[in-house]
Amino acid sequence: MKKPAVLAAVFATTLLATPALADDFPSAISVSGEATISAAPDLAQIDAGVANDAKTAKEASDANNAAMGKVLLALKGAGIAEKDYQTSRLSLQPQYGQNKSTGASPVVGFRASNRVTVKIRDVTKIAGIIDTLVGAGANDVGNISFEVTQASKLLDDAREQAIADARRKAEVYAKATGVTLGAPLSVSEGGGPVPLFKGRMASPMAAAPQAAVAPGEETLSVTVNVSWAIKAGQ
């Protein structure tokens with residue numbers, strides 16, 4: 001007669017332990033919120049270069065130094081501060097020909113090239129600066145990009161909007177499942193803010209009366225992941 005009593009005691013213990021075990025796994029609704037925000041860029045960056053060919057390395061280098069000197073003077077004359085332009089690439093390379101009778105590739109000259117990266121803090125002056133560079137002898141201008149320098153405030157606004165979007169989604173799920181939202185249990189940003197669009201030069205660089213440039217807009221995207229505690233609906 002003792003066995004039924006033992007079995008009953010074990011069963012009762014199991015029932016009492018089940019709620020305690022459930023308490024170890026708090027219920028939650030986890031969602032992602034997204035937001036994008038755009039602004040006109042207020043900083044541009046371009047590369048300008050000069051390249052010169054000559055029979056000797058010294059002749060090519062001297063010609064290139066003189067050409068780049070004119071470009072730098074033009075930048076200074078256009079109001080670009082010295083801190084806003086910097087040499088980004090300098091090279092001196094042999095140029096090879098072809099001897100048809102022997103098949104050899106002798107050195108027939110040298111090419112010297114020099115590139116400078118320029119920051120333009122007034123985007124309305126981009127086209128004029130490009131024309132100035134070309135007029136000063138720059139024969140390779142490109143790699144233009146745009147930036148919003150005061151992006152922190154925009155990103156904070158986007159984060160607030162992303163949190164609001166996450167709450168909206170969580171409330172939809174809570175209503176559909178008959179529960180109510182409690183306090184957020186965790187919040188994390190899903191990767192860094194991502195620029196979705198970059199302005200660009202509208203056409204290949206050429207010595208035209210006015211360079212065609214379209215700054216466009218800089219658009220940033222933010223994603224946040226939020227887990228909300230839930231409780232029985234009221």
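Quick notes on this structure:
- Probe 1.4 Å - accessible area at R168, Å² to nearest ten: 130
- Between R168 and Q95, the modelled label-to-label distance comes to 6.1 nm, taking each label 7 Å out from Cα in the direction of the beta carbon.
- When each of K175/K231; K83/K153; K125/K153 is checked by Cα-Cα distance, pairs over 18 Å: K83/K153; K125/K153
- T177 accessible area, 1.4 Å probe, all protein chains in place, Å² to nearest 10: 100
- Net charge in the neighbourhood of S61 (other residues with Cβ under 14 Å of its Cβ; Lys, Arg +1, Asp, Glu -1) is 0.
The values are calculated or read from the model by the stated rules, or taken from the named source; none is laboratory data. Predicted, not measured: the structure shown is a model, and the values here were computed from it. Cβ: placed from backbone, ideal geometry, glycine included. Neighbour counts: every protein chain shown. Just the protein is used for accessible areas: all its heavy atoms, side chains included, with ligands, DNA and RNA removed. Shrake-Rupley method; radii C 1.70, N 1.55, O 1.52, S 1.80 Å.
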